[in-house]
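*Asks:* Before anything else, here's the structure in question.
Derivation of every value follows stated rules applied to the coordinates shown; laboratory data play no part. The structure displayed is predicted, hence computed values, not measured ones. Heads up, the Cβs are rebuilt from the backbone with ideal geometry, glycines too, and the neighbour counts pull from every protein chain shown.
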């Protein structure tokens with residue numbers, strides 16, 4: 001499936017389900033490895049097979065346990081390099097610290113830059129990510145970075161719902177450009193929420209909706225939600241302005257248990273997201289639909305080693321690849 005390359009895929013503790021789906025698509029075994037967390041909080045990682053002269057792929061998001069997962073990444077990369085791997089690629093479907101992309105208040109760290117530099121110093125030769133919180137974060141990395149998007153699989157799934165008179169809704173002006181990409185792909189107009197966030201409480205107040213949503217089915221699009229607050233507040237604002245059915249589509253699902261309860265009590269019919277983070281909080285909940293992007297990452301890996309273009313995967317997926325994304329999930 002990946003040409004003549006000697007490729008090995010390994011999983012960190014937060015990326016095992018995603019890595020298994022990648023391996024299932026490629027028809028290859030998952031590498032043998034182990035993680036031990038000692039009682040004092042220390043993390044120990046071990047590669048249980050030879051990786052000498054092999055192209056190694058480590059699958060680990062920085063998601064629900066960001067500090068442990070980030071430190072684990074550094075240790076894995078160091079272990080692979082010390083074991084004489086040919087190259088080490090970090091498959092990081094979700095980069096949680098990407099939210100810290102700027103110094104917008106006094107005496108704070110630009111956390112995304114610190115993480116990027118540490119990952120490269122630990123030995124990453126290439127990085128694969130999906131939907132960074134801000135596209136400019138790619139510039140924090142000096143090594144090659146493949147920036148994949150959830151948009152193609154989300155759009156193709158929304159099309160399958162056959163929603164008439166649909167309008168795409170951005171939660172704020174900052175996401176309007178990406179919302180426009182969704183709208184162009186679906187052939188719909190765009191509305192924009194005007195919200196304000198006054199602190200770090202993860203709650204935002206929706207002040208106004210820019211655009212006519214009366215009598216329309218709405219698709220709220222965003223990169224992620226934690227508390228569900230923005231999505232829920234926006235859904236009530238849309239309902240008050242005469243919207244019909246309301247759906248939401250997210251690139252990443254890191255919602256908390258309280259956030260799940262908010263979604264369940266809200267006008268949102270269904271929240272569609274991807275499996276970049278293995279989130280048990282919304283598993284087996286009928287209000288949530290999870291699509292796997294592991295086949296997209298696996299296909300990117302395959303094309304890279306077969307010297308094929310990956311550009312088309314950022315716009316639309318081949319039908320067989322989309323079917324794999326829908327079928328290769330045992331949750332949602």
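*Asks:* What would the Debye formula give as log10 I(q)/I(0) at q = 0.14, 0.15, 0.20, 0.22 Å⁻¹ for the alpha-carbon point model of the stretch 7-148, no solvent?
*Replies:* Reported log10 I(q)/I(0), two decimals: -0.63, -0.72, -1.24, -1.45.
*Asks:* Does the stretch 1-73 come out rounded, prolate or oblate by the C-alpha gyration tensor, with a ≥ b ≥ c the root eigenvalues, rounded set by a/c under 1.5 and, if not, prolate when a/b is larger than b/c and oblate if not?
*Replies:* The shape class here is prolate.
*Asks:* Something else now. How high is the relative contact order of the chain, in percent, counting Cα pairs under 8 Å that sit 6 or more residues apart?
*Replies:* The value is 15 percent.
*Asks:* Another question, if that's okay. Grab the DSSP H runs of the chain that are 4 residues or longer, score each as -39,500 (n - 2.57), total them, divide by all residues and round the 222 nm result to the nearest 500 deg cm²/dmol.
*Replies:* Helix-only estimate at 222 nm: -9500 deg cm²/dmol.
*Asks:* Please report the projected area of the stretch 151-291's Cα convex hull averaged over all directions, in nm².
*Replies:* 7.6 nm²
*Asks:* Continuing with the same structure: When only Cα pairs under 8 Å and 6 or more residues apart are kept, what is the percent relative contact order across the stretch 151-291?
*Replies:* Computed over the stretch 151-291, the figure is 20 percent.
*Asks:* Quick one: Debye curve from the C-alpha atoms of the stretch 249-308, no solvent, what's log10 I(q)/I(0) at q = 0.22 Å⁻¹?
*Replies:* Values returned for q = 0.22 Å⁻¹ are -0.82.
*Asks:* Quick one: among 45, 108, 296, which has the greatest mean-square fluctuation in a GNM of the chain with alpha-carbon springs under 10 angstrom?
*Replies:* Answer for the Gaussian network model of the chain: 108.
*Asks:* Enumerate the residues in the stretch 67-93 having an amide nitrogen under 20 Å from the point lying 7 Å beyond the Cα of residue 117 toward its Cβ.
*Replies:* Output list for this probe position: 67, 70-75, 77-78.
*Asks:* Among 113, 82, 21, determine the one that fluctuates most according to a GNM of the chain built with springs between C-alpha atoms less than 10 Å apart.
*Replies:* Of the options given, 82 has the highest mean-square fluctuation.
*Asks:* Further question: Between the stretch 108-162 and the stretch 243-316, what is the separation of their alpha carbon centroids in Å?
*Replies:* A separation of 15 Å, based on Cα centres.
*Asks:* Taking other Cβ within 10 Å of each residue's Cβ, how do 323, 81, 214 sort, fewest first?
*Replies:* 214, 323, 81
*Asks:* Over the alpha carbons of the chain, what is the largest minus smallest coordinate on each principal axis, giving the biggest first in Å?
*Replies:* 61, 48, 34
*Asks:* Quickly work out the residue 309-to-residue 258 label distance, labels modelled 7 Å from Cα along the C-beta direction, and quote it in nm with one decimal.
*Replies:* Spacing of the two 7 Å Cα→Cβ label points: 4.8 nm.
*Asks:* What does the highest-first list of 165-177, 276-288 look like by mean Cβ count within 10 Å?
*Replies:* Going from most to least packed, we get 165-177, 276-288.
*Asks:* Restricting to Cα pairs below 8 Å that are 6+ residues apart, what does the relative contact order work out to for the stretch 7-148? Please round to a whole percent.
*Replies:* About 20 percent, as a whole number.
*Asks:* Of 307, 25, 149, 94, how do they rank once you tally other Cβ atoms within 10 Å and put the fewest first?
*Replies:* 307, 149, 25, 94
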